[in-house]
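Participant: Dropping a structure here in structure tokens format, bear with me for questions.
The values are calculated or read from the model by the stated rules, or taken from the named source; none is laboratory data. A quick note: this is a predicted structure, and the numbers were derived from the prediction, not measured. Here the Cβ positions follow ideal geometry from the backbone for every residue, glycine too, while neighbour counts run over all protein chains shown. Just the protein is used for accessible areas: all its heavy atoms, side chains included, with ligands, DNA and RNA removed. Shrake-Rupley method; radii C 1.70, N 1.55, O 1.52, S 1.80 Å.
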Amino acid sequence: MNDTLETYREYKDSGLPWLGQLPSHWETRRAKRFLREVDERSQTGKEILLSVSHLTGVTPRSEKTVTMFLAKSNVGHKVCRPNDIVINTLWAWMAALGVTKYAGIVSPAYGVYRPLPASELLPQFADQLLRIPAYATEYLCRSTGVNSSRMRLYPEQFLRIPVVYPPPEEQLAIVRFLEHAKRHFDRFIRAKKKQLALLGEVRQSATEDVLSSPGTRRVRLAVAAEVVKRAIDRQRQQVYTPIGLFNRGRGIFHKEPAKGATLGDSLFFWIEEGDLVLSGQFAWEGAIALASKQDSGCVASHRYTVLRGRPQFIGSAVLLAIFKTQFGGLLLDQHSRGAAGRNRPLNVGSLLKEKIPIPPLSDQQRIVELVLLEARLAASVRRITKAVHEYLTRLTSDVVTGKVDVREAASQLPAEGKFEMPVTREDVPEEEELEPVITKEA
């Protein structure tokens, strides 16, 4: 889309190496020209509790699932109002901020900034601008702390940051154009995910039919499958790729490769194609997956359990399908206990004692085909979603910094309602979105 857009006729040097050139009639002004810090505190703690993420901006806490503990009382939390900019101070360097459309309260550790009465910086434009990668890098440069988990962007530093300022009518055009683009791509992604959901329903129905067929017997899981542990011989300079799991049975993702010396204190084990990997703390939430060819050679920490079906009883793909049924979900939930929020350790020993339905091997092939087809489609949807996200990030950056001129394109768009990105967990791994205090599996 941005390959077909025109550029502005004249540009000027912004004077900022990280920003580059701007249209000649645009300006940059320090954030303090548009915003002021506010520190209004809740007297009752009964306002809507909001959370701030680099993925979804400002959203109600009730619509999210995070692993930090809730405070006993929300009295003293910071109050924010519609159009305020809220910054997760500890994660500002990841662009964990946004313009809120809600009146509510946020953590006392967050920064709340309110538009000045005469400010002509449109909140919707600021929300697009201040979350682009160039600004995230600037936040990192202005944050202070001993490491990434302790970096803080203090108000005096944020308010000194130069803010790109097009004329108000161009800000409106930019917002209109970007909302239309995001609406268009959101429909596309939703259609792909609907296809995946329908295939999941087919797999679910086929599994239940097979499990109720004549010849199905009940066998202890420890007999039908084995726990596999292929310990790595860790070498300090060798590079390893750890895996993680998406919740709700949506597959495996790869973490950043790391040398053995920096891999952490956990024990690690090799993963091979056909392994059934279960999260040690989030299995109850459906954080289980079948390893593919692309996952072979990766490693999983001791916090993950790896099972393989014994060929004379059941295939690992069929075992996955069983765990995705209501019966299998209840088993994982029953054998996951804990009081630390969503961190509920899976008791593998007790799970292995359970008896599960084992259909005849001749009936299992249809399930295997559906599980593998679903896995391929899910991987395709994730690749498409990632590509669209990267494209929209680039498009947004180009538009809000004036690399392309969208005024004409915006004027020709059909009239549509205001676009709001859906609050969804579809692309969030089991570790979940970042908060000031968080626990993760290694």
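Participant: Which number comes out as Rg/Rh for segment 310-373 once both Rg and the Kirkwood Rh are worked out on C-alpha atoms?
Facilitator: My calculation puts Rg/Rh at 1.05.
Participant: Would segment 23-133 count as rounded, prolate or oblate if I go by the C-alpha gyration tensor, calling it rounded below 1.5 in a/c and otherwise prolate when a/b exceeds b/c, oblate otherwise?
Facilitator: Verdict is prolate for segment 23-133.
Participant: Over the chain, with every protein chain in place, what whole percent of the accessible area is carbon and sulfur at 1.4 Å, could you tell me?
Facilitator: After summing per-atom areas, the C and S share lands at 53 percent.
Participant: Next up: Relative to the longest principal axis of the C-alpha atoms of the chain, give the angle of the C-alpha long axis of helix 133-142, reported between 0 and 90° and rounded to the nearest 10°.
Facilitator: Between helix and principal axis, roughly 80 degrees.
Participant: Quick one: putting +1 on the C-beta of Lys and Arg, -1 on the C-beta of Asp and Glu, what dipole do you get for the chain around its Cα centre, in Debye to the nearest 20?
Facilitator: It comes to approximately 1020 debye.
Participant: Round to the nearest 0.05 the FRET efficiency obtained for Q238 and K353 when R0 = 41 Å and r is the Cβ-Cβ distance.
Facilitator: E between Q238 and K353, to the nearest 0.05, is 0.65.
Participant: Determine, for each peptide in 374-381, 106-113, the mean count of other beta carbons within 10 angstrom over its residues, then list the peptides with the highest first.
Facilitator: Averaged packing, sorted descending, gives the order 106-113, 374-381.
Participant: Given contacts defined as C-alpha pairs under 8 Å and at least six residues apart, what's the relative contact order of the chain, whole-number percent?
Facilitator: Relative contact order, the chain: 20 percent.
Participant: Modelled label-to-label distance, A258 and A71, 7 Å Cα→beta-carbon offset: nm?
Facilitator: Those two pseudo-labels are separated by 3.1 nm.
Participant: Between R383 and A197, 0.36 nm times their residue separation minus their Cα-Cα distance comes to what?
Facilitator: 65.3 nm
Participant: What lysines does K101 reach when the alpha-carbon gap must be under 20 Å and sequence neighbours fewer than 8 apart in one chain are set aside?
Facilitator: Here the lysines satisfying the reach criterion relative to K101 are K46, K64, K78, K182, K418.
Participant: What is the Cα convex hull volume of the chain when expressed per residue in Å³?
Facilitator: Cα convex hull per residue, to the nearest whole number: 168 Å³.
Participant: Given labels modelled 7 Å from the Cα in the Cβ direction, how far is it in nm from K293 to L140?
Facilitator: Each label point lies 7 Å from its Cα, and together they span 3.5 nm.
Participant: Over the alpha carbons of segment 171-226, what is the largest minus smallest coordinate on each principal axis, giving the biggest first in Å?
Facilitator: Answer, in whole Å and largest first: 66, 24, 10 Å.
Participant: Rounded to the nearest whole Å², what accessible area per residue is found for the chain with the 1.4 Å probe?
Facilitator: With all protein chains present, the chain gives 49 Å² per residue.
Participant: Please determine, in degrees from 0 to 90 and to the nearest 10, the orientation of helix 168-211 with respect to the longest principal axis defined by the Cα atoms of the chain, where the helix direction is its Cα long axis.
Facilitator: Compared with the principal axis, the helix lies near 10 degrees.
Participant: Sticking with this structure for a sec: Set the Förster distance to 51 Å, then compute FRET efficiency between H302 and L413 from the Cβ-Cβ distance, nearest 0.05.
Facilitator: 0.45
Participant: Could you calculate the FRET efficiency of R183 with R29 from 1/(1 + (r/R0)^6), where r is the beta carbon distance between them and R0 is 35 Å, rounded to 0.05?
Facilitator: The calculated FRET efficiency here is 0.70.
Participant: Which residue, chosen from G200, P123, Y139, occupies the Cα position most advanced towards the positive end of the dipole of the chain, where the dipole is computed from +1 (Lys, Arg) and -1 (Asp, Glu) charges on Cβ about the Cα centre?
Facilitator: Going by the Cα projections, it comes out as G200.
Participant: Now for a separate question. What 222 nm value per residue comes from the helices of the chain, counting each DSSP H run with n ≥ 4 as -39,500 (n - 2.57) and dividing by all residues, nearest 500 deg cm²/dmol?
Facilitator: For the chain, the value works out to -10000 deg cm²/dmol.
Participant: Greater than 20 Å separation of Cα atoms is the criterion. Which listed pairs, K229/K293; K293/K353; K194/K386; K192/K403, meet it?
Facilitator: K293/K353; K192/K403
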